[in-house]
Amino acid sequence: MPGLGSIYAGDEGVNQRPLAGVDDDGSAEARSDCQRVLIVDDQRLIADSLAEILGNEGFQAMAAYDGWEALEIARRFHPDWLVSDVLMPRMNGVDLAIAFRTRYPATAILLFSGQAGISEILENGKRHGYEFELIAKPVHPLRIIERLREK
């Protein structure tokens with residue numbers, strides 16, 4: 001994108017790639033007219049591909065590969081949307097969504113999962129007073145784009 005630098009997400013130089021719509025310092029101020037979306041999935045190909053597709057559709061998109069990394073990125077990126085897988089190691093998507101809801105209450109949250117065994121994770125969130133929108137995987141990127149544009 002013209003006028004924008006590149007930052008990278010990932011582990012210390014491994015499989016790093018530029019992220020669309022984000023300045024060198026990790027901020028998203030250069031294109032404040034765009035919605036900022038943080039994609040979180042432990043399957044790097046899914047996170048990276050969706051971030052690239054969203055970037056090509058005019059969103060400022062960043063990818064993270066687990067919940068802890070997502071929280072770190074969010075401190076400087078200030079996403080309008082969190083789009084996260086539910087089943088991930090270290091921190092599942094519901095726990096991440098709850099952390100976002102308490103730290104960034106204005107951030108909209110969309111969860112996705114292809115696993116049938118997530119009902120207990122979702123129920124645990126409900127017991128604590130949190131409910132989140134869920135889309136089943138596989139999901140076509142256009143469905144996510146349509147949902148993000150509804151906000």
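What follows is calculated from the coordinates using simple rules that are stated; it is not laboratory data. What you see is a predicted model; the values in this text were computed from it and never measured. No Cβ is skipped: glycine too gets one built from the backbone with ideal geometry, and neighbour counts run over all protein chains shown.
Some notes on this structure:
- Extension gain for H128-R143 works out to 2.5 nm (0.36 nm per residue, less the C-alpha to C-alpha distance).
- The modelled label-to-label distance for the pair N56/A136, using points 7 Å beyond Cα in the direction of Cβ, is 2.7 nm.
- In range of the label at S49: residues from the stretch 111-144 whose backbone nitrogen is under 15 Å from the point 7 Å along Cα→Cβ: 113-114, 137-144
- The peptide list 101-112, 70-81, 129-140, put in order of mean Cβ contacts within 10 Å with the highest first, becomes 70-81, 101-112, 129-140.
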